[in-house]
Amino acid sequence: MITNFFIPELNNHDVQELWFQQDGDTCHTARAIIDLLKDTFGDRLISRFGPVNWPPRSCDLTPLDYFL
């Protein structure tokens, strides 16, 4: 889905200022996926193994509340 739909759809929009937030699910943080997302978003990736670490687990704060 990422390579067949998401990345091509991003090419139709200006993503220079777009941040991508990814949950910490194990299958979503496989090395191939993280590498693909790093190539696409650079330093604007919020993920377990991305340039911006996924925030600490908290039932009171969502990642966006914590990060933004």
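Laid out as a table, the results:
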{"item": "Number of the exception - His13 against (1) in a loop (DSSP other than H, G, I, E, B); (2) modelled with pLDDT under 70; (3) open to solvent by 50 Å² or more (accessible area, probe 1.4 Å)", "result": "(2)"}
{"item": "Count of the stretch 1-53 residues which are in contact with a helix residue (DSSP H, G or I) (Cβ under 9 Å, 6 or more places away or on another chain) and of a type in the set (Lys, Arg)", "result": "1"}
{"item": "Subset tally (residues that are open to solvent by 70 Å² or more (accessible area, probe 1.4 Å) and at pLDDT below 80) for the stretch 29-48", "result": "1"}
{"item": "Given (1) of a type in the set (Ser, Thr, Tyr); (2) modelled with pLDDT of 80 or more; (3) out of contact with any Phe, Trp or Tyr (no Cβ under 9 Å at 6 or more places or on another chain), number of the condition Tyr66 does not satisfy", "result": "(2)"}
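The values are calculated or read from the model by the stated rules, or taken from the named source; none is laboratory data. On a predicted model such as this, the values are computed, not experimentally measured, just so you know. All Cβ positions, even for glycine, are placed from backbone atoms using ideal geometry, and neighbour counts span all protein chains on display. To get the accessible areas, we keep the full protein, side chains included, count just its heavy atoms, and leave off ligands, DNA and RNA. Shrake-Rupley method; radii C 1.70, N 1.55, O 1.52, S 1.80 Å.
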